[in-house]
Structure formats: structure tokens, C-alpha cells
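Novice: Supplied in C-alpha cells, the structure appears directly below.
The values are calculated or read from the model by the stated rules, or taken from the named source; none is laboratory data. Predicted model, so just to flag it, every value in this text is computed and none were measured. Cβ coordinates were reconstructed from backbone atoms using ideal geometry, including for glycine residues, and neighbour counts include every protein chain displayed. Ligands, DNA and RNA are stripped out before the accessible areas are found, and what is left, the full protein with its side chains, is counted by its heavy atoms. Shrake-Rupley method; radii C 1.70, N 1.55, O 1.52, S 1.80 Å.
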Amino acid sequence: MLRSSLLLTTAALAAAPVLAQNHPDTLLDDDFHRTSPTITITAPGVGQLDVLSGSSIVQGVELQRELSGQIGEILDELPGVSATSFAPGASRPVLRGFQGLRVQVLTDGLGNIDASNASADHAVSLDPLTAERVEVLRGPAVLLYGSQAIGGAVNVIDKRIPRGVPDEPVHFDAIASVGSVADLREVGGSLDVKLADNFVFHIDGSYRETGDVEVPGFVVSEALREELFEEAAEEAAEGELEEADELIEAANQRFRIENSGTETFSFGTGVLLGDESDFLGFAVSHYDTDYGVPGRPGAGHHHHGEEDDHDDHDDHDDHDDDHDDDHDDDHDDDHDDDHDDDHDDDHDDDHGGGEEGDVPITIGLQQTRADLRAGLTLGGLFDRADLRVGYSDYTHTEFEGDEVGTVFDVEGFEGRLVLTQAESATWNGSVGVQAYYRDFEAVGAEAFVQPNRTDQYAIFTLQEIDFDALHLEFAGRYERTDVESQPLNVDRSFDTVSAAVSAVVEARPGFRIGLTGSRAERAPSGEELFADGPHIATQQFEIGDVNLDSEKAWGVEAFARGQLGPVTLGAAVYAQWFDDYIYLSETGLEEDELPVFQYLQEGARYYGAEAQVLVDLVDTGRFDLDADFRADFVSAELDSGLNVPRIPPMTLFAALDADYDYVGGRIEAVYTGEQTDVAPFETATDDFLFVNASVTWRPLFTRNVTFMAEVNNIFDEEGRRHASYTKDFVPLPGRDVRVSARLSF
């Protein structure tokens, strides 16, 4: 049984991308997010991948419906997933409360090798318009992808290196959308040309532009408005009437988030030599985006003697997302969020966007990337070998008006070689090696993290054993990480070991229950080790600790996945206990008129639950009606009793999806609860309910051409995402009417 399952899995991995090119109407479960059990995640040698916790895939019509300029916004309705929503131009995924340095965003199994995980205001350097599908792994994906995936991973699959030889001489894919809430205009297309039986040429390009985002009411939250009015009263009492008027004007700003527009373009080209089994492929791509960073209304530049608030901000966020993630999961994030979301004199300083005389803060980001993928059928101990290599040259420039602030340069390389073991009746798996190199440098007035270099090498394995009634999976990874800063003359090395074991029982045909235990480790980052300077965006003077130890986490998860008659279920409850959890803590000292925060380590615990239920209500052959229910919850605390900051609240989701011949329709309600379990200095968020609806039309009776009209946030409700640093002055968009078309022929 296992052998046939693996054969089907391998076939699906090889064929699914080709089906997407040539026969979109044959894609499985194209209209839904699908939570395991039946999803195939890209991991050679194993079939179910239970050991890596909950998994989901977004593709086809669902990807068209959720398409956004940032990957975090595409996935935020999945169970256990939220988004940082720092700005329309920068939003990373949040998995089970983890973000930043604990969540890895990948392109076809390799890291993006950018600076996005170093700060919440840094965009991820990938274009969703070029994505074919998105895979989400919630849980210790560190076992496959490295220590930065200790909280999970998002893998974006594109086809810049063609994944097979198309049946037709030329294959064309395109998608285009227009939207009302931010004057959206986007278009992307790709062309695959069959030059010979074993030679395919690919080219693609995309363009996306949005204006300032419209919101339902006041831009700033009620708590921040009260704070601004209090400050205005104080200014007026001191005779500063002009400053008081500016604060009142900032508090009353409505309907539009200033400086929130974006402009992005990308292009790529690639070739494939061979076929789906034995092949060699190359690709070169370029990504370029410019986006505004909204400023905290009423906040001026609180620069400590310099005018590089912007720099700081980005630095801040740069460092912050780093720290963010760290913060994110930690007390300082706490404080950061605090500062950021609350006493945003920070963001105040950070963006300084609301007062007269302030200049807009914008970010220009460019990445040129080269990729290689190769596969070869072997014999003997291993059936095949698969190689992935990527190189990135990344530059991120923060502008204050027309002036250049801090510039982040990242050059890096990553490679993976996976050997799939020869198939056996009961035991199968794969082993692999991975190498990673990153050279990070920040140059500018507020580049408070010293230049540093990271070298990482790993060996890992995935194994599965089938005893008919009992299915066992094991994953293990050893990783060596060297982090060096030559200006500081500091060189740290870390040896980390991560492992997980999953036991699964098929309670009835097609329905499985299981238990997974894991031990994961993460080496500290260069930002956590080498920070030493003022971080104006967070209004903190941040100090790293070159003596930090590796972060360690024990985890357990119980799950049930499968088919029960007309019901498809995926549910999990989980917990993680951290030793030496890295976070920023206030010291009580002051430097450069800023409070001093230092990276410390302490225990922490996360626990939560998530579920998705799909119900086939009606299926007459021509007419289908399905219901989709989802829910998730997560809580996190430090051993000291403080809450970890920016933890998403409980969410509930319900949808009805109907399909009749070539017409389909969907209506959904998404409830986000209030979050009052906050860290010190962090503001609470109110609950909100968004109702969305969409209609699809396939005029050719296939999915080769799909037109879609949708309305998101129909009732124009105000919503603020708790995982966001900027939630108090960057609410979610108001009512959005969107029309899109997807072509594949």
C-alpha cells in the first residue's frame, strides 16, 4: 500500500505543474484551500508528511480569489495563519503566532535570500502574480528548511524553470485584475515554448500598481485618537496652538491611508533540458518594487540629532522584524509592538507621516536572482537525486523624500541536494544536504547592526515506515551555523539538532488520527548577536548579546485528518515549550535619550488549536454546493508571566461555495476576535466581521478561462490586525470591488 501511495505521490509532484500548464480543468480541488490529508507537499521520498504538522495548499481559483501583492495577505484566511500587515507594500505570513525570524518564506524550496525576515516593513522579494501554487507548513518546518523555519514555512511554487514539456508547441498563462479600494491595476503573463522534445523555453513578466488605500472611517484607532487629543490639549495649554491644531487634524484623519501606494514589476526567463524525470533547468529573474510606508498621524521625526527618521524606521523595522520576529515572539516585541503600536512615538519617529513638513518615507527594493534545478534517475540504494541552487543579489533602499537613508545589501547563496531512497514495501524516505551563505550589510546614519556574514551547513532526513495499521514518520536535521562580524571581531558557531516523530493510525478507510513529538533548535541571528545602537522606529537603544545560546523548543501535536462520508476534516491541537527563547527586554537605562533594551533569553510556551471542515452538501453532477468552516486559536507567554506580543486572536470562518456548469459563486464570513491578552505597552484590538462574496464564469466550460467578480468587506467594516506593528494607524482596507481574469491555453 505504501509503495503505491509513494508512486502516486511522486507522479503528482512531477505532473501537477504540467497539468497547471496544459490541462487546468483537471486540477484537483482547485476551488478550495485544502488542509491535509490529501495534499501533496513538495518533499521527495515521503507521502503524507505528517511529521511536519498541518499543511495547506492555495492554487487555481482560490489563488485567483485571494491574490494580493504580498504573500501574507494571500494566506491570512487559512487556519492558523495571519499576516503582519505592516503596510500594503509589506506583509509577511504569521504562522501559529510566529513571524519574522521564525517563519521562512521560500521560492520552490529555497529561501528568498532577502531582508524581509529582518523587519516587518520589508517586503518579501517575490511576486505572487508569477506563483502557480503556495504551500504552507505550520509547525517545525526547520526539519526540512533550516532553523529560520522553527515556526513554519511558506513555499511559493513558480514555473520559471519549466517543470515539464508541454503537449502543445506554445503554452500561455495570464492573469489580470482591477480593484476599487486602492485603484488596483495588475497583470501577469508567462509563455512556454516547446523548442524540441526535450527543450522548453520560458519567459514571464508582471506589473502591479496601487494608490493609497481607502478605509471605512478614522485612520487611527480610538485609543490613539484619545492620546492625540490629550497631547493637543497639552500643547494648547502651553500656547502652542499650531502644534495643537496639527494633532487634532491628525486624530481626525479619515477614509484614506496616506503614502500607502505601491508599484511592482518583475520578469524572468528560464529553460528546461530533459523531461519530468531527468532534467536540467536554469532561470534568471528580477523583482523591483517601490512602496510607501504610512506614517503615524500626528507624529513628527524624533531623531536623536539626525534627520534620518526614515532610516531608523526601516532600520527599526528591519531590525525589528528580526527583532520583530524575535520581538514578535518575545517580550521586546512586546515592547516593540508596544512602542510600535502603542506609544508610537516610535512609529511616530518611525514614519513621521502625519505632521505638516514631514516628508514621505518610501522603500525601493530590487533583487536579481539566478536559480538551477536538476533531477536524475538513479539505481541501487537511491532511486533519484534532486538538486536546487539559488543565488541572490538584493538591495533595499529607504528614502526620506528624495534623500537616500539606510541601504541594506544582501548577497547570498543556497543549495539543496536530496537523494530519494529506493522504494520498499514498508520503508521509504530521503536524505539531503543543504548549504546557505548570507553576507549582510546596512549602510546609513542608523545602521545599528554591524555588517555580518552567516554560513550554514546541514544534513537532514525524512523516513516513513508502514506497518499497515500503524504509519510512522521520522525527520531529523543537524545544522552547523557560523555567524561572524569582522568589524566587531566576533565569530560564533552553533551546532543544532532537530528531530520529530509522528505516529498515525488509520481509524477508518480515508481517516487518520496521529500524534507528533518534536525537538527543534534555532541559532541566533546576526541582528540578535550584533545590534548596538539607537533604533528610532521602536524608540529603543537596542543591544545584542554575542553570548546568546541556541533557542530550543519541545513540541507535541495531536491531529485528525481525512474523509468521513461527505465531510473532509483537518484538525489539530498543539503546544511548544521553549528554552532560551530570545527576546528584547528593557534594562531601565537610557542612552541617546532612548530607553535601552537588551536581548535576553528565557523560557516561553505556545499552545493552540486549528481546524477546517469541508462538507459536500449537494452533488448532482451538474450542481455542487459545499460548506467550508475554519477556526484557530493561539496563546503565548514567557515564563515570567508576560504575554508574547502581537499574537493573533481567535478567528472563525464560514463559507458556502456553489457551482453549476460554467458558473460558480461563493460567500464567506470571517470573524476575528478581540485580543486583550497583550504585552506591556501593547494596545488591545477589537473584534470585527468581514463578509466577502465572489462569482466566477468559465465561458468555455473548462477552467482554461475563468472570469471573476468579487466584493471584499461588503459592509465596509473597520478591522485592525493584531499581529501588525502599525495596527493603530494602518487599518485593513474598506469595501473592495474587484474583477479578474485568468487564462491558460
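Novice: Once amide H atoms are placed 1.01 Å from N in the peptide plane, what residues at a sequence separation of 5 or more from G139, or on another chain, have their amide H within under 5 Å of its amide H?
Specialist: Correct list: G152, A153.
Novice: In square angstrom, what is the accessible area per residue of region 457-563 with a 1.4 angstrom probe?
Specialist: Per-residue accessible area for region 457-563 comes out at 38 Å².
Novice: Give the share of C-alpha pairs in each 5 angstrom bin for region 503-589, from 0 to the last occupied bin, in whole percents, shortest bins first.
Specialist: In order of increasing distance, the bins hold 3, 11, 15, 13, 10, 9, 9, 8, 7, 7, 5, 2, 0 percent.
Novice: Given a Förster distance of 30 angstrom, what is the FRET efficiency for E717 paired with F229, based on the Cβ-Cβ distance and rounded to 0.05?
Specialist: Once the sixth-power term is evaluated, E becomes 0.80.
Novice: Using modelled backbone amide H atoms (1.01 Å from N, in-plane), which distant-in-sequence or interchain residues come within less than 5 Å of F199's amide H?
Specialist: Amide H neighbours of F199: G274.
Novice: Next question, about the same structure. Are there chymotrypsin sites (Phe, Trp or Tyr not before Pro) in region 642-711 that DSSP puts in a loop and that have at most 10 other Cβ atoms within 10 Å, and which ones?
Specialist: F701
Novice: With a 1.4 Å probe and all protein chains left in place, how much of the accessible area of region 607-745 comes from carbon and sulfur atoms, in whole percent?
Specialist: Carbon plus sulfur share of accessible area: 64 percent.
Novice: Please list, in chain and number order, the residues 5+ apart from E542 or on another chain whose amide H is under 5 Å from its amide H, with Hs placed from the backbone.
Specialist: Those qualifying (amide H under 5 Å, at least 5 residues apart or on another chain) are G533, H535, F597.
Novice: For region 627-745, what does the relative contact order come out to in percent, with C-alpha contacts under 8 Å and a separation of six or more?
Specialist: Averaging sequence separation for qualifying contacts and normalising by length gives 20 percent for region 627-745.
Novice: Working out 0.36 nm times the residue gap between T587 and D687, then minus their Cα-Cα distance, what length gain in nm do you get to one decimal?
Specialist: In short, 32.6 nm is gained.
Novice: With θ set to phi - 60° and the Karplus curve 6.51 cos²θ - 1.76 cosθ + 1.60, what are the ³J(HN,Hα) couplings of region 361-368 in order, to the nearest whole Hz, using x for Gly and Pro?
Specialist: Using θ = phi - 60°, the values come out as 9, 10, 10, x, 10, 9, 9, 10 Hz.
Novice: Applying the Karplus parametrisation 6.51 cos²θ - 1.76 cosθ + 1.60 with θ = phi - 60° to the phi angles of region 135-146, what ³J(HN,Hα) value in whole Hz is obtained for each residue in order, glycine and proline being reported as x?
Specialist: 9, 10, 10, 9, x, x, 5, 3, 5, 9, 10, x
Novice: Taking 0.36 nm per residue of sequence separation and subtracting the Cα-Cα distance, how much length would be gained by fully extending the chain between T676 and W697, in nm to one decimal?
Specialist: 3.3 nm
Novice: Moving to a separate point now. Give me the percent of accessible area attributable to carbon and sulfur for region 456-533, probe 1.4 angstrom.
Specialist: Here carbon and sulfur together make up 59 percent of the probe-accessible area.
Novice: A further question follows. Explain nothing, just compute: Karplus ³J(HN,Hα) = 6.51 cos²θ - 1.76 cosθ + 1.60, θ = phi - 60°, for every residue of region 667-674 in order, whole Hz, x for Gly and Pro.
Specialist: 10, 9, 10, 10, 9, 10, x, 6
Novice: Excluding F279 itself, calculate the net charge of residues whose Cβ lies under 9 Å from the Cβ of F279, where each Lys or Arg counts +1 and each Asp or Glu counts -1.
Specialist: With Lys, Arg at +1 and Asp, Glu at -1, the net is -1.
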